[in-house]
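To start, the structure itself, in structure tokens.
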Amino acid sequence: MDVFWHDACLAHDPGEGLWELPGHWPWLDEPEPHPESAARLRTFRSVLRRGPVAPHLRWREGRLADLDELAAVHDRDYLAHVRRACGGPERVAVDVNTVVGPGSWPAILAAAGSTLAAADAVLDGSASIAYALVRPPGHHAQPATSDGYCLVNNPALAVARARAAGLRVAVLDWDVHHGNGTQEAFYADPDVLTVSIHMRHGSWGANHPQTGAPDELGVAEGVGRNVNVELSLGAGDAAYLRAVDEVAAPLLRAFRPDFLVCASGFDASTFDPNGRHNVTMAGYRALGGRAAALAEELTSGRLVLTQEGGYLRGYAALCLHALVEGLVGVSEPLMADPLVYLPDESALCPERTDADLAAVRSALAGHWPELGW
């Protein structure tokens, strides 16, 4: 597997405050670093370089995107607004929890460009599976709106690149939050299937009006091509794997994509402060195996992954390592899980997951007759 990296991704510094909220809080004894920090990405890189999966990886240099490439997904006036906000010298909150500063614009370009480099490598055959280990994350960024730490939609850029090559593309997003930006970018495109598996959280406000509910199906020719799988609070390995096996995989097989993009977040992991789900290393290892198998079956192995959430950085890094083990197909786990002791609510209460998945199938009824939904 090829991992794409660019040091400029570390230059983005959202600063400190009350967790994700910038500003001065006089009662707070010591300000907290924003969860989407450079330390998080450095830790992810470290576990892949030092962990036992390292011999299976080839590291490749990313690059900076240019404005024309970003404009494949984003409004140029919006891009100009973000660039001005990054001009410094002070940090600026472009929405309630998305903060930029002097190093942010190079990081944005590096995250986008490294994702495009990964997509291009898969498209030209020099890579089969490519992982863009980048930040800031992207899947909440809409064509003209920043949101949820995201400024440019990296997975959507990979989709647009493959679409420009005439390919049908499927997106599988397992970040714990709804991939609303990717949904918005392709909501009317019948040749892009977007499947987001996430916690039930609803709209976040003006910058995030999408609800992530199953009834957000797409518009015009894209109706039925947007699929939201909301999972109940505490969903763990069993729920996520059922969502893939019982909803995502049948849809992908019916859609027959030429190219698969995965928005890979680890904020559904055990103890993550930004999620309320309970996916373990074993769950992510299984997700990685399923993603690679679906790509092998449907897209001649063409698979691009972009780094999204994951904010308890030590455990999120272990989950990344486990996911990569699944992606490269190791036969046995290479690392033990040091924190696997919370119960899997989705295994203990399968009826909740039954209801969650039934709601998705019901919303899609009539749009996928070949599946009998």
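The values are calculated or read from the model by the stated rules, or taken from the named source; none is laboratory data. Bear in mind that the values here come from a model prediction, so they are computed numbers and not experimental data. Note that we place each Cβ from the backbone using ideal geometry, even for glycine, and neighbour counts take in every protein chain shown.
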**Study point:** Count - residues of region 175-210 that are without any contact (Cβ under 8 Å) to a residue 24 or more places away in the chain and among the hydroxyl-bearing types (Ser, Thr, Tyr)
**Key:** 1
Practice item. Go through (1) more than 16 Å from the chain's Cα centre (by Cα); (2) aromatic (Phe, Trp, Tyr); (3) buried (at least 24 other Cβ atoms within 10 Å of the Cβ) one by one and return the number of the condition Tyr149 breaks. Key: (1)
Check your understanding: Out of all the residues in region 237-258, is one or more in contact (Cβ under 8 Å) with a residue 24 or more places away in the chain, among the acidic types (Asp, Glu) and closer than 23 Å to Ser331 by Cβ?
Key -> yes
Practice item. Inspect region 49-60 for any residue being charged (D, E, K, R) and under 28 Å from Val92 (Cα atoms) and give the result as yes or no. Key: no
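Conditions tested, residue by residue: (1) hydrophobic (A, V, I, L, M, F, W, C); (2) assigned to a helix (DSSP H, G or I).
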{"position": "Val324", "(1), (2)": "yes, yes"}
{"position": "Met335", "(1), (2)": "yes, no"}
{"position": "Arg352", "(1), (2)": "no, yes"}
{"position": "Ser362", "(1), (2)": "no, yes"}
{"position": "Gly366", "(1), (2)": "no, no"}
**Study point:** Test: Ala110 is crowded, with 19+ Cβ neighbours inside 10 Å, within 23 Å of the chain's Cα centre (by Cα), closer than 18 Å to His140 by Cα and of a type in the set (Gly, Ala, Ser)
**Key:** yes
Revision key, fill the gap. Of the listed residues (Arg45, Arg60), the one being assigned to a helix (DSSP H, G or I), among the charged types (D, E, K, R) and under 20 Å from Leu327 (Cα atoms) is Arg45
Revision key, fill the gap. If we ask which residues in region 191-213 are of a type in the set (A, V, I, L, M, F, W, C), out of contact with any helix residue (DSSP H, G or I) (no Cβ under 9 Å at 6 or more places or on another chain) and modelled with pLDDT of 95 or more, their number turns out to be 1
Review point. Of all residues in region 48-57 being hydrophobic (A, V, I, L, M, F, W, C) and either within 21 Å of the chain's Cα centre (by Cα) or in a helix (DSSP H, G or I) (or both), which is farthest from Val134 (Cα to Cα)?
Key: Ala54
Check your understanding: Here are some conditions: (1) free of Cβ contacts under 8 Å to residues at least 24 places away in the same chain; (2) assigned to a helix (DSSP H, G or I). Ala111 meets all but one. Which one does it not meet?
Key -> (1)
Check your understanding: Mind checking which pairs have a first residue in region 77-91 that is outside any helix (DSSP H, G or I) and a second that is modelled with pLDDT of 95 or more and among the hydroxyl-bearing types (Ser, Thr, Tyr), Cβ under 8 Å, 6 or more apart or different chains?
Key -> Cys86/Ser104
**Study point:** Hits in region 289-345 - residues which are surrounded by 22 or more Cβ atoms within 10 Å (Cβ to Cβ) and of a type in the set (S, T, N, Q)
**Key:** Thr299, Thr306, Gln307
Exercise for review: Answer with yes or no whether Ala8 is in a helix (DSSP H, G or I), surrounded by fewer than 13 Cβ atoms within 10 Å (Cβ to Cβ) and not polar (S, T, N, Q).
Suggested key: no
Exercise for review: Please find, among Ala72, Ala39, the residue that is within 23 Å of the chain's Cα centre (by Cα) and part of a loop (DSSP other than H, G, I, E, B).
Suggested key: Ala72
Practice item. Looking only at region 41-66, count how many residues are within 16 Å of Cys319 (Cα to Cα) and of a type in the set (D, E, K, R). Key: 4
Check your understanding: Given the structure, is Ala158 in a helix (DSSP H, G or I), under 14 Å from Leu303 (Cα atoms) and either within 14 Å of the chain's Cα centre (by Cα) or acidic (Asp, Glu) (or both)?
Key -> yes
Check your understanding: Restricting region 133-146 to residues that are aliphatic (A, V, I, L, M) and either buried (at least 24 other Cβ atoms within 10 Å of the Cβ) or under 16 Å from the mean Cα position of the chain (by Cα) (or both), which is farthest from Leu10 (Cα to Cα)?
Key -> Ala141
**Study point:** Residue that is farthest from the chain's Cα centre (by Cα) [pool: residues in region 114-132 that are under 15 Å from Trp5 (Cα atoms) and not in a helix (DSSP H, G or I)]
**Key:** Ala127
